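The values are calculated or read from the model by the stated rules, or taken from the named source; none is laboratory data. None of the values given here were measured: they were computed from a predicted structure. Here the Cβ positions follow ideal geometry from the backbone for every residue, glycine too, while neighbour counts run over all protein chains shown.
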């Protein structure tokens, strides 16, 4: 199966997600957050830098739980960033 390449918008959303998660992590180590979320440190680092632009829902949900983020709030923040980015491009 061949995977469809990501669009520029999907890559931008992935970078935005990574930034929000990294900010929410604050002073906690990436290793601690990854362990508590049940994912590898490498996976967390890739998500935070946007290399995994479309992580699995349950991965995002596990990170949100560890970071005390509400999934609805997280979605709202990412949607707001996308809209702001769209306005800057227009």
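Observations on the model:
- Restricting the stretch 69-90 to residues that are in contact with a helix residue (DSSP H, G or I) (Cβ under 7 Å, 6 or more places away or on another chain) and within 13 Å of residue 9 (Cβ to Cβ) leaves a set whose member that is modelled with the lowest pLDDT is 85.
- Any hit, the stretch 8-15, residues being in contact (Cβ under 8 Å) with a residue 60 or more places away in the chain and under 9 Å from the mean Cα position of the chain (by Cα): yes
- Residue check, residue 31 modelled with pLDDT of 95 or more and more than 10 Å from the chain's Cα centre (by Cα): yes
- Residue count, the stretch 24-50 (criterion: in contact (Cβ under 8 Å) with a residue 24 or more places away in the chain and either surrounded by 14 or more Cβ atoms within 10 Å (Cβ to Cβ) or within 20 Å of residue 11 (Cα to Cα) (or both)): 10
- Total residues in the stretch 53-68, condition crowded, with 16+ Cβ neighbours inside 10 Å and at pLDDT 95 or above: 8
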